[in-house]
Amino acid sequence: MLTLYHAPRSRSFRILWLLEELGVPYDTEMVSIRGHDSTGHMPADYIDIHPHRKVPALVHDGVPVFETPAIALYLTDLHPEAGLGPLIGDRQRGPYLTWLAYSTGVFEPAMVERAYKTPHQAALGWGSADEVEQVLARVLQARPFFLGEKFSAVDIVLGGSLHYMMQMKVVPETPVFTAYVERLGDRPAMHRALQRDGDIEES
């Protein structure tokens with residue numbers, strides 16, 4: 001059984017969305033990552049599931065997986081029938097792994113620098129926010145989704161982060177980015193996840 005440890009309106013929404021795209025059964029365990037909200041709690045043993053007590057975390061038949069790209073890769077390999085992640089041997093496997101890693105290894109750190117007005121240091125392992133923004137714009141100008149014509153889990157993990165950064169006014173609402181986010185918004189599974197996230201928050 002799959003259990004998602006989730007907090008409303010947090011980065012774990014992307015895995016909630018992915019699970020809805022996969023169309024597989026799963027349970028949701030609410031975790032209060034802010035320490036004082038009424039939507040969840042912090043299990044005493046949660047450190048054994050996520051060492052930093054963050055979300056998302058996934059437990060599959062007693063085995064924990066954490067970090068969004070790792071969970072996405074795990075789930076798409078577990079459910080190849082959904083076609084949301086290229087498998088080993090597919091020419092798109094390399095780009096798939098690259099963009100998953102890019103989401104939290106490059107995009108998020110660069111945008112956090114921009115949000116907090118931290119000067120970029122060239123010695124860091126990621127590009128400046130301006131450079132990263134230009135890379136994504138060039139890719140999405142050339143094709144509808146990160147892997148080309150076909151939607152994949154990258155569009156949930158990296159695309160979901162891009163959408164959030166646009167909402168937070170960290171990334172500008174350019175025609176290229178806006179059109180991409182609108183394509184994501186056409187996904188019925190995204191709306192199911194938003195509904196479920198809202199229902200969780202209200203409960």
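Points worth noting:
- Rounded to the nearest 20 debye, the dipole magnitude of the chain is 540 debye, with +1 charges on Lys and Arg beta carbons, -1 on Asp and Glu beta carbons, and the Cα centre as origin.
- Positive minus negative residues near residue 168 (Lys, Arg vs Asp, Glu; Cβ under 13 Å): +2
- Note on the range 4-107: with charges restricted to the Cβ of Lys and Arg (+1) and Asp and Glu (-1), its dipole about the Cα centre is near 480 debye.
- Distance between modelled label sites at residue 143 and residue 123, nm, 7 Å Cα→Cβ extension: 3.6 nm
- Accessible carbon and sulfur surface of the range 63-181 relative to its total accessible area, %, 1.4 Å: 60 percent
- Annotation: lysines with alpha-carbon distance below 28 angstrom to residue 117 (same-chain offsets under eight excluded): 54, 169.
- Of the residues 177, 145, the one with the largest accessible area comes first in the ranking 145, 177, computed with a 1.4 Å probe on protein heavy atoms.
- Cut-off 13 Å (backbone N to label point 7 Å along Cα→Cβ of residue 131), residues of the range 86-110: 106-107, 110
- Placing dummy labels 7 Å off each Cα toward the beta-carbon, the span from residue 178 to residue 10 is 3.3 nm.
- Solvent-accessible surface of the range 143-203, taken per residue with a 1.4 Å probe and all protein chains present: 50 Å².
- With protein chains left intact and a 1.4 Å probe, residues in the range 23-104 average 53 Å² of accessible area per residue.
- Spacing of the two label points (7 Å from each Cα toward its C-beta) at residue 60 and residue 41, in nm: 2.8 nm
- For mean projected area of the Cα convex hull in nm², calculated from these coordinates, the label among [x] 18.8; [y] 13.1; [z] 12.1: [z]
- At R0 = 45 Å, FRET efficiency that the Cβ-Cβ distance of residue 53 and residue 192 yields, to 0.05: 0.95
- Cα gyration tensor shape for the range 33-150, rounded if a/c is under 1.5, else prolate or oblate: oblate
- Solvent exposure, largest accessible area first (probe 1.4 Å, DNA, RNA and ligands not counted), of 180, 164: 164, 180
- Spatial separation of Cα centroids for the range 67-94 and the range 2-35, in angstrom: 18 Å
The values are calculated or read from the model by the stated rules, or taken from the named source; none is laboratory data. Keep in mind it's a predicted model, so treat the numbers as computed, not measured. Positions of Cβ are backbone-derived with ideal geometry, glycine not excepted, and every protein chain shown enters the neighbour counts. Note: areas computed on protein heavy atoms with side chains; ligands, DNA, RNA excluded. Shrake-Rupley method; radii C 1.70, N 1.55, O 1.52, S 1.80 Å.
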